[in-house]
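The next block holds one structure in the form of structure tokens; read it before the comments.
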Amino acid sequence: MYLHGTSKINEQGHLEIGGNDVTKLAAEFGTPLYIVDEALVRQRAREYVEAFNASGLKFQVAYASKAFCVMAMCALAEEEGMSLDVVSDGELHTALQAGFPVERIHFHGNNKTVDEINMALDANIGCFVVDNFIELDLLNELAGAKGKRVKILLRITPGVEAHTHDYISTGQQDSKFGFDLGNGSAYRAIQEGLKLNHLEILGVHSHIGSQIFEVEGFRMAVDKVTAFAVQVRDELGLTFQVVNLGGGFGIRYTDEDKPLPLGEYVKAITDAIISNFTHAGYPLPEIWVEPGRSIVGDAGTTLYTVGTSKDIPGIRKYIAVDGGMTDNPRPALYESKYDAILANRANEPVSETVSVAGKCCESGDMLIWDLELPAVHKDDLLAVFCTGAYNYAMASNYNRIRRPAVVFVKDGQADLVVKRESFENIVGNDLIPSRLKKTSVGN
Ligand SMILES: *Cc1c(COP(=O)(O)O)cnc(C)c1O
């Protein structure tokens, strides 16, 4: 069994995270429960910061808040000196409510609305990452109407795509995001942007994929960005101050995943930048990265209570937990793999293979196939690891299941950072039109 961060098995054979016995957390907060190992989140953030400090380059590590965007997480990101990426008015609102420093907020997205742009302009956020020509003009116009000049990066599609161990380099990348580098769109976007008075182009942004386990794709992206930077400087007279290389740094969900230490991704990027830009006689730009998953992913554990089971002799044994695709849709969406243990009897020897089902009315509502566990009983606690990223953030109310609570644990302390949803939350936005309302007898 692989335990992340501060997780360990205590003398009673119970899983402990951040100095908290999870059987006690289950008793206090109920299940399903998202548990976040605060020390591990901080450690991951520091791995990035330390690697950048070692490079001597100016940098920003922007936490991609979409991975897990709640106010406490914004506060933690701020404390660790990170910047913050947001992609919607809801994420921006969360950051603002948490008091996140506005100059460190970057606004992403391929279809920002007028209202979202105005909200971000009014908040004086630090940077817009502009995705397309329509947004370029719209942002210039809206900033102009408010008498502002805003900093932007242009999102380019570098023609490098990386997924775990594979990367491909294509002339023309099929993507909904960004200005294509290969077909000249990115170049035209710079030409266009330079004419717009209310925009200041800081540089470019490139994001090549997610759950990446190798550095080669990032090196390829740096090569393409460098060549573009040189061309833009020589032909259009603009020198990039910032190069943003996105996120996508991989984490270990199961034994099959072999991520690099986070500092190695950073080193590969900063080494390539320093070497390429120095070679081109180009002033060294500030480097931004945008990790999401690798900041919070392995710090999260979801605790469930086991309910029913169904043994189909010779075929498979299902055990069902009190959550499922509503709190973790990733297995259903992407066939993502997770690892889990019996948190209340973690030292007992493995004796059966089970598949973990959720409680939703959907055959695809499965969390883990073929998991080896000690003999599972009703009311056992199942801890599923590495659920910190894209779990709470992607949770739904399908079947009108209430979203679980989230606790931050550290040094024996456990603090609720998101309350379990109430029945009031479930029906709070519902309205019954008067024509459907039951009226008095005789009507
Ligand atoms: C999703 C995304 C990220 C974060 O990706 P992770 O795989 O969570 O690190 C960063 N930047 C952009 C533009 C993204 O779309």
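The values are calculated or read from the model by the stated rules, or taken from the named source; none is laboratory data. Keep in mind that what you see is a predicted model, and the values were worked out from it rather than measured. Cβ sites come from the backbone with ideal geometry, for glycine too, and all protein chains shown count toward neighbours. Please note that ligands, DNA and RNA were not included when accessible areas were found on the heavy atoms of the full protein model with its side chains. Shrake-Rupley method; radii C 1.70, N 1.55, O 1.52, S 1.80 Å.
Would you kindly work out the equivalent ellipsoid of the range 108-291 from its C-alpha gyration tensor and give its semi-axes, the square roots of five times the eigenvalues, largest first in whole Å?
Each semi-axis is √(5λ); the values are 28, 19, 15 Å.
Could you name the lysines in cross-link range of LYS146, using Cα to Cα under 19 Å and dropping any fewer than eight places away on the same chain?
LYS112, LYS195
Kindly state, to the nearest 0.05, the FRET efficiency for GLU372 paired with ARG46, given R0 = 30 Å and r defined as their beta-carbon distance.
That gives a FRET efficiency of 0.30.
Which angle from 0 to 90°, rounded to the nearest 10, does the C-alpha axis of helix 262-279 make with the longest principal axis of the chain?
Roughly 10 degrees between the two axes.
At ILE312 and ILE9, where each label point lies 7 Å from the Cα along Cα→Cβ, what is the point-to-point distance in nanometres?
Result for the modelled spin labels: 3.1 nm.
Which lysines have a Cα lying under 19 Å from the Cα of LYS378, excluding residues fewer than 8 positions away in the same chain?
Excluding near neighbours in sequence, the set is LYS24, LYS310, LYS317, LYS359.
Counting only the heavy atoms of the protein chains, how much of VAL350 is accessible to a 1.4 Å probe, in Å² to the nearest 10?
That residue has around 90 Å² of solvent-accessible surface.
By how many degrees, between 0 and 90 and to the nearest 10, does the Cα long axis of helix 133-145 differ from the longest principal axis of the chain?
Orientation of helix 133-145: about 80 degrees from the principal axis.
Accessible area, 1.4 Å probe, largest first: how do THR305, THR387 sort?
Largest to smallest exposure gives the sequence THR305, THR387.
Along Cα→Cβ, 7 Å out, is where each label goes; now give me the distance between the ones at ASN397 and VAL427 in nm to one decimal.
It works out to 1.2 nm between the two label points.
Starting from the alpha-carbon convex hull of the chain, give the projected area averaged over all orientations, in nm².
The orientation-averaged projected area of the Cα hull of the chain comes to 26.5 nm².
If I take the Cα coordinates of the range 59-170 and project them onto the principal axes, what are the three extents in Å, biggest first?
So the three principal-axis extents are 44, 35, 24 Å.
How high is the FRET efficiency between LEU238 and VAL102 when r is their beta carbon distance and R₀ equals 22 Å, given to the nearest 0.05?
Efficiency for this residue pair is about 0.30.
Quick check: net charge around PRO329, other residues with Cβ under 11 Å of its Cβ, Lys/Arg +1 and Asp/Glu -1?
With Lys, Arg at +1 and Asp, Glu at -1, the net is -2.
Quick one: ranking ARG420, ARG149 by accessible area, 1.4 Å probe, largest first, what do you get?
So the residues, ranked largest to smallest area, are ARG149, ARG420.
Semi-axes of the range 297-412's equivalent ellipsoid from the Cα gyration tensor, sqrt of 5 times each eigenvalue, largest first, rounded to whole Å?
Its equivalent ellipsoid spans semi-axes of 21, 18, 12 Å.
Using Cα atoms only, what is the angle between the long axis of helix 114-123 and the major principal axis of the chain, expressed in degrees (0 to 90) to the nearest 10?
80
Report the accessible area of TRP369, computed with a 1.4 Å probe over the heavy atoms of all protein chains in place, in Å² rounded to the nearest 10.
Per-residue accessible area (TRP369): approximately 130 Å².
Could you order ILE35, ILE401, ILE274 so the one with the most accessible surface comes first? Probe is 1.4 Å.
Ranked list, largest accessible area first: ILE274, ILE401, ILE35.
How much of the DSSP bridge set in the chain is antiparallel, in percent, rounded to the nearest 5?
If we restrict to bridges inside the chain, about 45 percent are antiparallel.
How much length, in nm to one decimal, is gained on full extension between ASN197 and SER175, taken as 0.36 nm per residue of separation minus their Cα-Cα distance?
5.0 nm
Leaving ligands, DNA and RNA out of it, report the carbon-plus-sulfur percent of the accessible area of the chain at a 1.4 Å probe.
49
Exposed loop GluC sites (Glu not before Pro) only (DSSP loop, at most 10 other Cβ atoms within 10 Å): please give the longest stretch of the chain free of them, not including the sites.
Result for the longest clean stretch: 12-255.
Rank-order 426-435, 289-298, 175-184 by packing density, defined as the average count of other C-beta atoms within 10 Å over each peptide's residues, highest first.
Highest-to-lowest ranking by the protection proxy: 289-298, 175-184, 426-435.
Can you give the local net charge around VAL409? Use residues other than it whose beta-carbon is closer than 15 angstrom to its beta-carbon, Lys and Arg +1, Asp and Glu -1.
Once all neighbours under 15 Å are counted, the net charge is -4.
Per residue, how much accessible area does the chain have with a 1.4 Å probe, in Å²?
It amounts to 44 Å² per residue over the chain.
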